[in-house]
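Structure incoming, see below.
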Amino acid sequence: MSIDRKEQGTTRQSILQLLRRHGQMTAQELSDALCIGAVGVRQHLAMLDRDGLVQVAGLRRSVGRPSHLYMLTAEAEDRFPKRYDRIALDVISYVAQDGGASAVDALFVRRREMLACDLRPRLIGRPRSDQVATLTDILIEQGYMCEHEQQPDGSFLLTQYNCPVDCIARRHPQLCIQELQLYEDLIGAPIVREGTIAQGSHCCRYRIPA
């Protein structure tokens with residue numbers, strides 16, 4: 001059964017790659033390209049549609065019955081390699097070359113201010129427990145593997161097991177400083193950071209007062 005699942009995963013990945021290459025294809029075209037039956041292709045397409053990775057783009061009308069055209073969804077783009085980290089590091093390097101360390105600091109400060117302005121309405125005026133829960137949801141939306149728990153003294157422990165900007169934070173530790181400041185801005189209270197992935201810990205951990 002594990003072999004069957006592996007083969008199914010490989011077939012679905014091949015379908016995604018074909019749609020990425022050609023834009024839109026019918027089930028029959030995918031069947032011909034993969035040398036498997038059209039019925040099997042439609043089953044894979046149904047699973048990919050269920051997972052939000054493909055969608056029907058329209059109909060192709062020709063002799064006989066019209067055929068559905070399939071295309072990738074925006075969510076499917078995450079299945080293909082990206083190098084945003086390299087671009088981000090290059091941009092920061094260019095900023096440093098032109099303006100020095102102070103320019104890099106100003107860049108991260110401006111990023112924090114913009115994020116705070118955008119996110120603050122989701123937390124302002126809410127009880128601390130709701131604020132921490134909402135901050136956790138925000139971080140998950142941004143790609144952090146994040147959770148929180150309330151401690152016996154009423155404080156909260158916010159833990160991030162993945163950092164989507166780790167490659168930048170390791171070279172530019174001021175990013176971590178600004179992230180801590182951002183959380184304090186959003187919560188409206190001082191927060192103690194007990195460790196970061198960028199500094200060698202297995203997680204980033206923040207202690208938030210009750």
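Values quoted throughout were computed directly from the atomic coordinates according to the rules given, and no laboratory measurement underlies them. Being a predicted model, the structure only gives us computed values, none of them experimental. Reconstructed Cβ throughout: ideal geometry from the backbone, glycine too, with neighbour counts over all protein chains shown.
Hey, what D do you get for the range 2-79 in µm²/s if you plug the Kirkwood alpha-carbon radius into Stokes-Einstein at 25 °C and 0.890 mPa s?
Diffusion coefficient, whole number: 194 µm²/s.
Report the label-to-label distance for Val109 and Ser62 in nanometres (one decimal), using points 7 Å from each Cα along the Cα→Cβ vector.
In this crude label model, Val109 to Ser62 measures out at 6.2 nm.
Of the DSSP beta bridges with both residues in the range 2-79, give the percent that are antiparallel, rounding to the nearest 5.
100
Then there is this: With charges set only on the Cβ (+1 for Lys and Arg, -1 for Asp and Glu), what does the dipole of the chain come to about its Cα centre, in debye to the nearest 20?
The dipole of the chain has a size of about 640 debye.
For Gln43 and Arg120, what is the calculated FRET efficiency with R₀ set at 41 Å and r taken between the beta-carbons, to the nearest 0.05?
0.30
Under a point spin-label approximation (7 Å from Cα along Cα-to-Cβ), what is the Glu184-Cys203 distance to one decimal in nm?
Spacing of the two 7 Å Cα→Cβ label points: 2.3 nm.
Can you show me the helix-derived [θ] at 222 nm for the chain, built from DSSP H runs with n ≥ 4 at -39,500 (n - 2.57) apiece and divided by the number of residues, rounded to the nearest 500.
-17500 deg cm²/dmol
Return the single residue from Tyr70, Tyr161, Tyr183 with maximal mean-square fluctuation; model: Gaussian network over the chain, springs between Cα atoms under 10 Å.
Tyr70
Tell me which residues come under 5 Å, amide H to amide H, from Thr73 once H is placed; ignore anything under 5 positions away on its chain.
Here Val54, Gln55 satisfy the definition.
Sketch the reach of a paramagnetic label on Leu34 as a point 7 Å from Cα along Cα-to-Cβ, and name the residues of the range 70-104 whose backbone nitrogen lies under 14 Å away.
What the label zone holds, given the 14 Å backbone N cut-off, is 70-72.
Which values, in whole Å and largest first, are the semi-axes of the equivalent ellipsoid of the chain obtained as the square root of 5 times each eigenvalue of the Cα gyration tensor?
Sorted largest first and rounded, they come to 44, 22, 17 Å.
If I model a spin label as a point 7 Å beyond the Cα along the Cα-Cβ vector, how far apart are those points for Lys82 and Thr10 in nm?
Computed distance between label sites Lys82 and Thr10 equals 2.8 nm.
Relative contact order, percent, of the chain when contacts are C-alpha pairs under 8 Å separated by at least 6 residues?
14
For the range 84-208, what's the radius of gyration and Dmax over Cα atoms, in angstrom?
Answer for the range 84-208, Rg first and Dmax second: 14.9, 50 Å.
Separate question: List the relative contact order of the range 2-79 as a percent without decimals, with contacts defined as Cα pairs under 8 Å and 6+ residues apart.
Reported relative contact order: 31 percent.
Residue-wise, which Karplus ³J(HN,Hα) couplings in Hz belong to the range 205-210, taking 6.51 cos²θ - 1.76 cosθ + 1.60, θ = phi - 60°, and x for glycine or proline?
Karplus values, whole Hz, x for Gly and Pro: 10, 10, 9, 10, x, 5.
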